[in-house]
1. Could you tell me how many of the residues in region 362-398 are more than 20 Å from residue 443 (Cα to Cα), of a type in the set (S, T, N, Q) and more than 16 Å from ligand 2 (Cβ to nearest atom)?
2. Going through region 317-360 one residue at a time, which ones are in the same structural domain as residue 305 (by TED's automatic domain parsing) and among the small types (Gly, Ala, Ser)?
3. Does region 409-419 include one or more residues that are surrounded by 15 or more Cβ atoms within 10 Å (Cβ to Cβ) and of a type in the set (Ser, Thr, Tyr)?
4. Based on this model, can you work out whether residue 182 counts as among the aliphatic types (A, V, I, L, M), touching a helix residue (DSSP H, G or I) at 6+ places or on another chain (Cβ under 8 Å) and either open to solvent by 70 Å² or more (accessible area, probe 1.4 Å) or more than 16 Å from ligand 1 (Cβ to nearest atom) (or both)?
5. Filter region 297-324 for residues that are within 17 Å of residue 217 (Cα to Cα) and assigned to a helix (DSSP H, G or I) and give the result.
6. Give the residues of region 240-288 that are among the hydrophobic types (A, V, I, L, M, F, W, C), modelled with pLDDT of 90 or more and open to solvent by 60 Å² or more (accessible area, probe 1.4 Å), sorted by residue number.
7. Given the criterion within 30 Å of the chain's Cα centre (by Cα) and β-branched (Val, Ile, Thr), identify the matching residue among 255, 238.
8. Taking into account only those residues within region 188-226 that are open to solvent by 50 Å² or more (accessible area, probe 1.4 Å) and hydrophobic (A, V, I, L, M, F, W, C), which is modelled with the highest pLDDT?
Amino acid sequence: MVARAERQPRETESDRPIATKRILIADDDAAIRGTLVELLQGEGYDTLEAKSGSEVLRIVPVDEPDLLLIDLRMPDQDGIQILKRLSAQDIGVGNVILMTAYGTSSTTIEAMHLGAYDYITKPFDVDRVLFTIRRYFERQQLAQELVRSKQENKTLSERIVGNTPQMQDVYKMIGKVAASDANVLIIGETGAGKESVAEMLHEYSSYSKGPLVKVNLTALPATLMESELFGHEKGSFTGADRQRIGRFEMAHKGTIFLDEIGDMALTLQAKLLRVLQEREFERVGSSQSIKVDVRVVAATNKDLRAEVETGRFREDLYHRLAVITIHVPPLRERKDDIPLLVEHFLQKHRFSDASAPARISEEALQRLLTYDWPGNVRELEHTVERAVVLAQGGVITADHLAMDVDREIAIIDLNQQLTDGKTLDDVLAATELRYIQRALLRSDGNRHAAAKLLGTDIATLEKKLAEHGLDGRV
Ligand SMILES: Nc1ncnc2c1ncn2[C@@H]1O[C@H](COP(=O)(O)OP(=O)(O)OP(=O)(O)O)[C@@H](O)[C@H]1O
Ligand SMILES: [Mg+2]
């Protein structure tokens with residue numbers, strides 16, 4: 001048998017329509033196999049059957065099913081043993097979905113750590129089964145697309161990920177304006193990706209051989225900002241003990257990125273307007289004009305038009321800057337990008353340099369898909385990054401997601417808990433879990449530090465982590 005490092009579908013296989021994907025159903029219970037065969041064939045999948053672990057091991061190398069549904073408990077070998085045997089033969093198990101009656105038991109967790117894709121619990125919810133399977137194929141396709149787009153255009157896909165029509169509009173705008181030298185205004189909520197768009201714009205522009213100089217206009221008071229932007233002559237003000245080159249000069253033949261332009265002081269706005277009109281300025285304390293050739297890209301999360309109405313932003317400057325406007329849509333309006341972004345961030349934020357990217361359970365992904373992301377892509381990135389730490393590089397479950405931990409603690413609705421029949425122990429356990437997660441986050445996943453924060457010892461903390469099913473290590 002030819003050993004394969006990873007179970008990558010062959011070219012022809014990946015091009016096969018979903019309808020002909022082949023699924024192996026392994027269960028010693030003939031009634032369950034029958035039900036699943038009927039269900040899956042009804043959906044247009046091809047099916048194979050195995051009634052024991054040894055049959056699975058025989059069939060898989062020969063028939064190479066696209067997906068495996070394996071009962072965790074079969075008389076001759078359990079699911080864990082099967083996973084281990086397959087791995088020992090260099091057959092990837094990333095296409096295995098386990099069927100278990102026990103939910104997140106330690107065996108299921110172990111199976112996930114061995115690399116299984118997901119698990120479904122018995123008795124089956126038919127919709128759930130089909131959903132999980134469909135999702136698997138969708139995500140496999142996404143991963144392939146990501147690989148392909150990486151191969152085709154490495155830099156582009158590393159900066160910006162997303163395939164929704166909303167993001168395609170952004171790409172189109174970038175493409176359209178990249179070759180011109182028109183000023184560009186990028187608007188969008190915090191964390192939506194304005195700076196990333198500016199970087200991409202620079203990369204694709206005729207100024208890409210020159211520098212990309214970034215200035216955050218909220219960072220300094222107006223007087224210092226003026227010399228930061230335009231430079232100053234020695235002795236032009238107290239403390240100016242030598243001549244200084246400003247950002248505009250540094251950006252000559254390149255792009256200057258004026259971030260948070262909505263916060264620019266009015267006095268500076270006048271000076272900026274002149275640069276935009278005449279492409280020249282003077283250093284502070286000098287009368288000599290300096291000519292620059294720069295592409296100006298500005299960004300803001302403010303409604304600049306409203307700022308114009310209230311007199312905080314010059315109207316003439318606004319019109320100059322907003323020759324071309326690129327709107328970066330908030331993440332909640334393009335949630336279909338979330339799976340792709342998650343893949344991207346899992347690649348980007350490894351648990352350690354040597355580890356493979358962490359993986360995420362279906363349940364956790366669902367949580368990410370239903371959340372509203374007020375902090376947009378940055379919040380998603382942080383959430384994934386922290387989950388990788390909490391999961392210690394293993395499989396990310398919903399318990400590792402902490403985007404709204406604080407809120408959950410704050411609004412734990414006690415009346416609702418009573419209505420739901422939750423016991424005192426239930427509520428205490430839920431609160432305990434959140435509190436432990438918080439401590440782990442704050443200590444970057446270091447358990448000793450977290451134990452200290454919690455006023456307990458490492459043994460107690462590890463015991464509690466195990467109780468909450470968070471004892472996974474890689
Ligand atoms: N489409 C994307 N694909 C991959 N990463 C992205 C994408 N959009 C944003 N990011 C990442 O999210 C983070 C925030 O993005 P960025 O700094 O561009 O946002 P911003 O709109 O400038 O935020 P702010 O308003 O807070 O300045 C960065 O780490 C960036 O790399
Ligand atoms: Mg920014």
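The values are calculated or read from the model by the stated rules, or taken from the named source; none is laboratory data. Not measured: the values here are computed from a predicted model. Glycine gets a Cβ as well: all are built from the backbone with ideal geometry, and neighbour counts include every protein chain shown. Surface areas here come from the heavy atoms of the whole protein model, side chains and all, with no ligands, DNA or RNA. Shrake-Rupley method; radii C 1.70, N 1.55, O 1.52, S 1.80 Å.
1. 2
2. Answer for region 317-360, where residues must be in the same structural domain as residue 305 (by TED's automatic domain parsing) and among the small types (Gly, Ala, Ser): just 322.
3. Within region 409-419, not a single residue is surrounded by 15 or more Cβ atoms within 10 Å (Cβ to Cβ) and of a type in the set (Ser, Thr, Tyr).
4. Taking the combined requirement at face value, the residue does not satisfy it.
5. 304, 307, 317, 318, 321 - these are the residues of region 297-324 that are within 17 Å of residue 217 (Cα to Cα) and assigned to a helix (DSSP H, G or I).
6. Those that are among the hydrophobic types (A, V, I, L, M, F, W, C), modelled with pLDDT of 90 or more and open to solvent by 60 Å² or more (accessible area, probe 1.4 Å): 250, 266.
7. Criteria check complete, one pass: 255.
8. Among residues in region 188-226 that are open to solvent by 50 Å² or more (accessible area, probe 1.4 Å) and hydrophobic (A, V, I, L, M, F, W, C), the one modelled with the highest pLDDT is 212.
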